[in-house]
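For reference, the structure is listed below as structure tokens.
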Ligand code: GDG
């Protein structure tokens, strides 16, 4: 039998819904991980295990069969969670403890024993499903902060299976991580992997420091020595499917007037009514880590500091609904609604609205309309593991025009030095960067973008996955040579 790779993530890369209480529909889902791993999963011999997006309460045996069949066609295996499991594991511990803490939002971090129990229980449920489907020689690649305990559970039951783990969000500094009551269990869970991957060297360094200070294991460069094995740690900055975005942009420009989307027609009209004006783009999930509120306030400061740009710029803001069951996200939604309303009320003229705000998810083609139409991208996360939007924006700039303004708090900033790098809390610096972006000569835009594009092309999503898998395979040699000794 051929060996396979089992990919494991909280959500399957599928949107599964039940209509009329009986018909199951399946479509691809949106999100960093889904977008990123899709090409790997489609090409390789693999099985993807994850939560279906449905609760056990919603599913009867007949629907379950339909889900299993639809998932199987996509080489997926669906796990259902009960409402209680979902509340404790996902909305609870994952998104009210780990997510805020790892993004340095300590004031949002909740320490709740019941939610921790739920997190452990669901991690065990995932691990059981993985173990049921494992054959000798298979490789398991576990993704992200919802499943930190899974590598440890697999390793304890199947010591000879190779396990990789990749963290898509930052790993915080030891001083922040140590505040967690369950810090040891989480680290031990992660150390069940043979290879641990992070987006940047800083996250890797923070992790190693926590391991050595909390668990007292010996750490050297990128290796952790445990009693009976060695764990490798490395950084793998996640790339994008560059060709997909480049191709989509090229096709976009070939569209005739009547093939254009309604959104594109409206974007074009903007230029007709405000000649010489520029559009500034921001796209994110509606999340407090993404710095949406400070972006709007910095934009307000820009219009106040440089009033000559009134009627010459428009901020087009797409915020994709996310985790709306968590109170902080509801509060943020209200805050952003208010800010947009206040600023539009303050600056609008009969012919100009400074902010166009969309609170929804858009189809891929509309995303390309936005990327290709906007002269400037303004991405100001307060913390972000990587930020793929920054990379996608540059990939769609096929004529090399466009300016990216990017927060230094995004992992992507490490690879995009040629962008205008800002501190998301420094509104004055952002205002100056907006002015600089608006006035930047085309020649300079091109020379900056050319360098970034070359880099992004070289280290795309496929390369990212290949490098991780290659390094993971390399750990097998470690096992073997250790055993031989
Ligand atoms: C996490 C980490 C890390 C967005 N809106 C729409 C849409 N998108 C797509 C984008 C992009 C993806 O979603 C967002 O990825 P990001 O990386 O920017 O952010 P997170 O979702 O927070 O992802 C992050 C990532 O994992 C990968 O490791 O970079 O730091 O937080 O691909 O294109 N796609 C469509 N419609 C939308 O409205 N079709």
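The values are calculated or read from the model by the stated rules, or taken from the named source; none is laboratory data. These numbers come from a predicted model, not from an experiment. So basically every Cβ, Gly included, is an ideal-geometry build from the backbone, and we count neighbours across all protein chains shown.
Quick one: residue 252 ticks every box in (1) under 29 Å from residue 465 (Cα atoms); (2) modelled with pLDDT of 95 or more except a single one, so which number is it?
(2)
So, in the stretch 205-249, of the ones that are surrounded by fewer than 16 Cβ atoms within 10 Å (Cβ to Cβ) and under 25 Å from the mean Cα position of the chain (by Cα), which residue ends up farthest from residue 386 (Cα to Cα)?
Here the residue is 247.
Checking residue 280 against (1) closer than 30 Å to residue 431 by Cα; (2) within 16 Å of the ligand (Cβ to nearest atom), which single condition isn't satisfied?
Result: residue 280 passes all but (2).
Name the residues in the stretch 157-182 that are away from the ligand (no atom under 16 Å from the Cβ), crowded, with 17+ Cβ neighbours inside 10 Å and closer than 23 Å to residue 113 by Cα, would you?
Across the stretch 157-182, the qualifying residues are 174, 176, 177, 180, 182.
Given the options 72, 124, name the one that is at pLDDT 95 or above and either buried (at least 20 other Cβ atoms within 10 Å of the Cβ) or in a helix (DSSP H, G or I) (or both).
124
If you check residue 456 against the conditions, is it out of contact with any strand residue (DSSP E or B) (no Cβ under 8 Å at 6 or more places or on another chain) and either without any contact (Cβ under 8 Å) to a residue 40 or more places away in the chain or under 25 Å from residue 168 (Cβ atoms) (or both)?
The answer is yes for residue 456.
Mind listing whichever residues of the stretch 391-438 are assigned to a helix (DSSP H, G or I), within 15 Å of the ligand (Cβ to nearest atom) and in contact with a helix residue (DSSP H, G or I) (Cβ under 7 Å, 6 or more places away or on another chain)?
391, 392, 393, 394, 395, 412, 415
Take the residues in the stretch 435-453 that are buried (at least 17 other Cβ atoms within 10 Å of the Cβ) and in contact with a strand residue (DSSP E or B) (Cβ under 9 Å, 6 or more places away or on another chain); name whichever of them is farthest from residue 280 (Cα to Cα).
Ranking the qualifying residues of the stretch 435-453, first place goes to 452.
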